[in-house]
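These notes are about the structure you will find just below.
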There are 4 protein chains.
Amino acid sequence: MTPPRLSLSGLNALPVDTFVAALGEVFEHAPWVAEAAAATRPHPTVAALHEAMIGAVRAAAPERQQAFIAGHPELGSRVRRADWTDHSKAEQGGLGLDRLSAEEFERFGRLNAAYRAKFGFPFIICVRRHTRDSILAQFARRLDHDAATERERALAEIGLITRLRLVAKVEGPGAPATTGLLSTHVLDLASGRPAAGVKIALYEIGSSARGLIREAVTNADGRTDAALIAGEPLRIGTYELSFEVGEYFRRGPTPILRDAVLRTAPQDEAGRERPHPEERGRSPRVSKGEVAGMPFLNVVPIRFGIAEPEGHYHVPLLATPWSYTTYRGS
Amino acid sequence: MTPPRLSLSGLNALPVDTFVAALGEVFEHAPWVAEAAAATRPHPTVAALHEAMIGAVRAAAPERQQAFIAGHPELGSRVRRADWTDHSKAEQGGLGLDRLSAEEFERFGRLNAAYRAKFGFPFIICVRRHTRDSILAQFARRLDHDAATERERALAEIGLITRLRLVAKVEGPGAPATTGLLSTHVLDLASGRPAAGVKIALYEIGSSARGLIREAVTNADGRTDAALIAGEPLRIGTYELSFEVGEYFRRGPTPILRDAVLRTAPQDEAGRERPHPEERGRSPRVSKGEVAGMPFLNVVPIRFGIAEPEGHYHVPLLATPWSYTTYRGS
Amino acid sequence: MTPPRLSLSGLNALPVDTFVAALGEVFEHAPWVAEAAAATRPHPTVAALHEAMIGAVRAAAPERQQAFIAGHPELGSRVRRADWTDHSKAEQGGLGLDRLSAEEFERFGRLNAAYRAKFGFPFIICVRRHTRDSILAQFARRLDHDAATERERALAEIGLITRLRLVAKVEGPGAPATTGLLSTHVLDLASGRPAAGVKIALYEIGSSARGLIREAVTNADGRTDAALIAGEPLRIGTYELSFEVGEYFRRGPTPILRDAVLRTAPQDEAGRERPHPEERGRSPRVSKGEVAGMPFLNVVPIRFGIAEPEGHYHVPLLATPWSYTTYRGS
Amino acid sequence: MTPPRLSLSGLNALPVDTFVAALGEVFEHAPWVAEAAAATRPHPTVAALHEAMIGAVRAAAPERQQAFIAGHPELGSRVRRADWTDHSKAEQGGLGLDRLSAEEFERFGRLNAAYRAKFGFPFIICVRRHTRDSILAQFARRLDHDAATERERALAEIGLITRLRLVAKVEGPGAPATTGLLSTHVLDLASGRPAAGVKIALYEIGSSARGLIREAVTNADGRTDAALIAGEPLRIGTYELSFEVGEYFRRGPTPILRDAVLRTAPQDEAGRERPHPEERGRSPRVSKGEVAGMPFLNVVPIRFGIAEPEGHYHVPLLATPWSYTTYRGS
C-alpha cells in the first residue's frame, strides 16, 4: 500500500531536480524549500534534513513566508457532518473529525472564518496529534493570540506536520520521534500473578460523547499482545480504559491453574511440583454469591489525559476484588 | 414531620389492644401478628420484638400465611413512567422507580403479571434496599425459582420491610441494623496530607442511564462533612464516585499553606514553626502548562457495586497527579 | 500519681504571691517570670498565659536573660551509661538517654563541653520531643551556629519545655498542642475487610541499635485498641512498625467467618444472611504449602521518620499476600 | 573458565562409551545411569535426556538405587565455620554455608548425624537452590518424615541437582528451567516518571544475621542495568531490598529535568517543547527543611520470601515522599 521509503543516503546523492521532485510536496506548494535543503547536502540524519527544510522557511523573505503559510488548506477538508455519509471508521477509532454533530460542524465553520479574518491565513494544526476536542480547545485558545505569536505557532505546527511526512517518506539514521505508545498491564494482587483473560476497551472521551478506539484481552502475562496504540502519534485528548475485572475474579484462577500451582509450589514438593488432586478444583477467590449478585468491582474505568503525542503512556492496573491502583508507568 | 417514636419499654407495658393499635399496620393488613407478639411480652430488645412478629407469621396456618402474603400490594404502585409527571426527585436521588422509560414501564408490567401468574401472589421486595436495576435483576432471577423457594423469599423480604417499619416506629435497645453508610476520604499522597476542596459527585449507574445522587466537596480532613449516604439502607446497585483531582492539583497547596508548613516544619525551627518568606509563594506541585493543557488525571471515576444495604462502604481515594489507589476501607 | 491540675480561672483570681508560688518553677529558677505574668492577668487561654511568660523572658534585661539561660541544668543529668544501673525501662520504650553505650556516653560529654565553651551556657533542648539520635544530630548542627542564632534557639527550646510543664499543671481553654499521635490500621485488600489479629511491633531505629517501644494486636476493625503513642509528644526520630501479615494470611479468614459472610452475602439470601453449609469450611486464600514453606510476605517492616512531635502520624497498611501499600494518612 | 558445552545433537550421535564418558559424572559415581540413557537415544530435548537418566535411577534394582543414594557426599563438605578461613565471598553474597557461626556449625553436624542414623543415607539437598536458613528448616522438617517419603525426596533433590549439572554441560533445545530472576523497578508517583539514581541494596535475612548480596543504582528507566539475581537458581529464603528514596526526593528532579519538561510540555508549545526560562530552576518537590530534618520516608525496606528458585520475582517500588506500594509483579 505505502510506497517504499527513500533512503537518506540515496537522497544525499541525487541530482538537485530529482531530490526536489522527491521531497517537493513535503512542504505544501513550496518546492523552494526542498531546493534550499538540496544545497546544503549531505544531511547526516533525517532530523538534520528536516531542520534544513524548516530553516529555509524561517529564512525566507517575509512575503514568501506569508504566502507559504496562507497557501495551506483549511482544516475543513477533513471535517464532516456525521450524517453526511457512511464514512468508514478511522483507523484509530475514537471521535474523529468525520463524525461531527451538526452543531459541531457549524462551530468549526465559524471558528475557521474568525481565525482567517483575524490572522489572514488558515488555522494550521497537526491534526494527527489531536482529537476533535483538543482541536476545538486549541482553536479557542489560539484565537486569543496576537499575530506574531500565531505566525510562530503556525510555523511550529507546520514543523510537526512536515516531520510526520518526511519520516513517512525517508528512512535513515536519526529520524525524529513521531510516534507514541499506549500500553497497559493487569496484575492480580490477590494471587500475585498477571491477570490473564481480562477484557479491556479503550475509549476516547469527548466533551459530548465517547468513541470506542479498540478492544483487547490480556494474555498470560497480563498484557495485550499488541500495544493499545503504536506506530503513530497519540492524539492529545481524554481517554478511558475499562477493565472487566469482575468477570476475571468471578471466573477464578482455574484457566491458568498450572501457573498458579507452580508459583505456590511448596518447597517440600520441589521435585514434583504437581498439584495435589484436591487442589485441582480449588474454589475461586470470591464466593459465587458475592459476584453473581453484585461484586464490589466489576468494570473498572481509568480515565486519563494524553498531552504528549510522542510519549509513552503505560497505564497499568493492579487489582484485587476489593481494590485497585493505577499510575503512569514506564 | 416524622411522628415521635414509641419506646420499647412503653410498648411492653401497654394494654394489648393499644399495643395492637400501635403496631398493627407494621405487618400489612395483619393485626393478628401484633396480637401474637403482645402475648409474649416483655421483649428485651427491638430485634426480639421483630423476631416475635416474624415468628407469628411463620407459625401461622398455611391458609392464613398464604392470604397474608397475597395481601401485599403490587410493586406497581411506586412505579411511574418518566413522562407522566414532574414528580419530585427522591431524597437519595439516583434512577428511581418514578423515572422509568416507557420501555422499562412496560417491562415492569409484564414481569408483575408473569410473577403473579406463576406464584399466585405479588412480587414482594424491600424496595428501599434496591435500585431499579437490581429490582429488575431480582425479578428475572426470582421468576426462575420454584414455589417453595419463592414463598420463603417473600417471607424474607417481608422481614426486611417490616424491620425497617418497626425501627422507624419504636425506639429502644437492640434495634437491628437497618441503615448503611457510604463515605469517602481523599488523601494527597504527593504532599502527604488530606486533599481539601476536592469536588465529588456520586451517581447511580443504571444499565441504560446514570442518575446524580449528590455532590460534595472535601473538607480540611479530606472527608465530606456528612457521609455520602447515611440513615437509610444503601440501595443494591452500581455507583460511581467522581473526584475532580485535576482541579485540586492545578490549584496547588496554597489555600492550606499553613498546614503544609506545619507538617514540613524543620526541627531546627521548632520554636518558631513559621514559613520562611521565600516559602510563602511556593509553586504548586505541577507546572501550569501541564495542567492547563491536559493533565494525566482530571476527573477520576471510581465505579463500584453495593451488595449489602446495611453495610458500611468506605471508598477512599489516595491520589497524586500521576496515580491513584482505591479500595473498600472500613 | 499526678497532682490535680490548677484551673486557669482559679489562677486568674489568685493573689500574686500564691500565683507565683503555683507557677514559679515552670521557668527554671525564675519566679520573676511568673510575677510578670501575674501582672497582666486575666489570661483568656492557657496559650495566652504561656505567651505572657515567654514575653517576660524576651523583655528581660540582657544580663537577666543571659543568667536565666545559663541557669539551666546540663543535659547530662538524664544521660546514663547503659551498664551503670538496671534503670527501669522508660514508659515510651525505645533507645532512651538512659541506655547509652560507653562510646555514646563519652560523646555526650564531649559535646556538652564544646557547647558550653563556645556559647557560655548549657545545651538546652526539649528532651521529651527527641530521641537520642535526634539529640545527637541537633548537638552537631547547633554547635555550628553563631551565638545570636543559638541564643534564639535556646529560648525557643525553653518555650517548648515550659509549654509542656504549663499544660501539665494548668487546665483551661486554649491549651497549646503538646501531644502527638501515632496510629495504624491494617486492611486486607484480598478480602476487602479489616485485618484482625495482626501482630504489630513498634521500634525506634537508632543509628547503631533498635529499641522496642511497644507491641499490639489489631482488633476487629484492623486498628489497635489504643493509639501506638498518644498523650505525649512524639520523639523526633526514625521508627519501624512491623506487621506479621504472613501469619495473618496463613491463618485465613476462619476466625472472623461471620463477618466475611455478612460482607459477601448474596442478595438472593437477603433475609437469611447465613452461610450455606459448604461455605463454612471455606479454604483460606492462600494454599497451605505456599505459606508453610516461605510466603512472599511474612513480617512487613515500615520504616518512617517523625519530624513533628505534636503531629498526627497515621501509618496504615493495605495488604494482600502479594502486595502492600503504606502512606502518611490522616 | 567454564568448558564449552556439548551439543545435544552431538551427544545423540556419539559412540556409547564416549557418551558415558561425557555424562557419567552427572549422576554421582553412577555411569550406569548414562549408559541407560545412551540406549534410548536420540533424545529430542535436554529435558528428555534428563528424564531418561532419572528414569534409569527410578527403574534400578532396590539395592542399586539404595547404594546410589547412599553414595552421595555429606552436606558438610561445603559447610565451614566462619572463623576458620578467610574464605572468599560467594558470588551471590548473602549468608553462605561458608560463614557459619560455631553454634550453627555444630548444629549442622548434629543434624547430619541424626539424619544418617535414621535413614541410612546422607541428607541430600540441591544446595544451590537454598540459603543456610532454608537448609536448616528443611533438615528439621525432613527428619520427621518416614523412610519412604524421604527416599522419594532424596531422589527428587538428586533430580534437581543433576538437572543443574546437565544444563551446565549440554546445550540444545528444550532445556528445563534452572535459573530464576530477581528484578526491581522504582517509579516516582509524585512526578509520574521512573526514579533514576536511587540506591538499592539487596540482603539475605537470616534468622540471626543479615548478609549483603549486592548494591545497585537505578538507571534512567528506574531499573537496575542488570537484574539483581539472574543466571542461577534463586535461593529459597528471606530477602530485603532497601531503597534510599529519601535521598532521591531530597535531590529533586534536577538531574533529569529534560525528561520532566518533555513529559509536561504544554500542548501550546508543541513545536518548541523547551522549558520556559523560569522553569529551569524549578524547586524540588519537598522543602529543604523537611528533608534535612527528618523525612517521612528515607530508607524503605521491602522484606520478602523467595520460594521458587526457578521463578521470576519482580519487586517494584511505587513511591512518593509520603507513600509507597510494592507487589510481586511480572
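General remarks:
- Checking each residue in the range C:37-54 for being open to solvent by 40 Å² or more (accessible area, probe 1.4 Å) and assigned to a helix (DSSP H, G or I) picks out C:Ala39, C:Glu51.
To keep it simple, each residue is scored yes or no on (1) open to solvent by 10 Å² or more (accessible area, probe 1.4 Å); (2) at pLDDT below 95; (3) of a type outside the set (D, E, K, R).
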residue	(1), (2), (3)
B:Pro194	yes, no, yes
B:Gly197	yes, no, yes
B:Gly206	yes, yes, yes
B:Arg210	yes, yes, no
B:Ala216	yes, no, yes
B:Asp221	yes, no, no
B:Ala226	yes, no, yes
B:Phe243	no, no, yes
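- Residue list for the range C:304-330, restricted to those being in contact with an Asp or Glu (Cβ under 7 Å, 6 or more places away or on another chain) and open to solvent by less than 10 Å² (accessible area, probe 1.4 Å): C:Ala319
- Test result for A:Arg151, modelled with pLDDT under 95 and basic (Lys, Arg): no
- Condition met for C:Val57 (modelled with pLDDT of 95 or more and open to solvent by less than 20 Å² (accessible area, probe 1.4 Å)): yes
- Conditions (1) touching a residue at least 12 places away in the same chain (Cβ under 8 Å); (2) closer than 30 Å to D:Lys118 by Cα: number failed by D:Ala61: (1)
Yes/no matrix, rows are residues, columns are (1) closer than 30 Å to C:Ile229 by Cβ; (2) touching a Pro at 6+ places or on another chain (Cβ under 8 Å); (3) modelled with pLDDT of 95 or more:
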site: C:Ala30; (1), (2), (3): no, no, no
site: C:Val33; (1), (2), (3): no, no, yes
site: C:Ala38; (1), (2), (3): no, no, yes
site: C:Arg64; (1), (2), (3): no, no, yes
site: C:Leu75; (1), (2), (3): yes, yes, no
site: C:Trp84; (1), (2), (3): yes, no, no
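- Test: D:Leu8 is touching a residue at least 60 places away in the same chain (Cβ under 8 Å) and touching a Lys or Arg at 6+ places or on another chain (Cβ under 8 Å): no
- Residues (open to solvent by 50 Å² or more (accessible area, probe 1.4 Å) and not charged (D, E, K, R)) located in the range A:103-125: A:Phe105, A:Ala113, A:Ala117
- Number of residues in the range C:158-183 that are in contact with a Phe, Trp or Tyr (Cβ under 8 Å, 6 or more places away or on another chain) and open to solvent by less than 50 Å² (accessible area, probe 1.4 Å): the value is 5.
- Being hydrophobic (A, V, I, L, M, F, W, C), open to solvent by less than 40 Å² (accessible area, probe 1.4 Å) and in contact (Cβ under 8 Å) with a residue 60 or more places away in the chain is a description that applies to C:Val26.
- Boolean, B:Arg165 is of a type in the set (D, E, K, R) and closer than 30 Å to B:Ala209 by Cα: no
- Among the residues making up the range C:126-157, those that are open to solvent by 10 Å² or more (accessible area, probe 1.4 Å) and assigned to a loop (DSSP other than H, G, I, E, B) are C:Leu143, C:Asp144, C:His145, C:Asp146.
- Residue satisfying all of: in the range D:303-329; assigned to a loop (DSSP other than H, G, I, E, B) and within 14 Å of chain B (Cβ to nearest Cβ); nearest to the chain's Cα centre (by Cα) among these: D:Pro316
The values are calculated or read from the model by the stated rules, or taken from the named source; none is laboratory data. This is a predicted model, so every value here is computed, not measured. We place every Cβ from the backbone using ideal geometry, glycine too, and count neighbours over all the protein chains shown. SASA here: full protein model, heavy atoms, side chains in, ligands and nucleic acids out. Shrake-Rupley method; radii C 1.70, N 1.55, O 1.52, S 1.80 Å.
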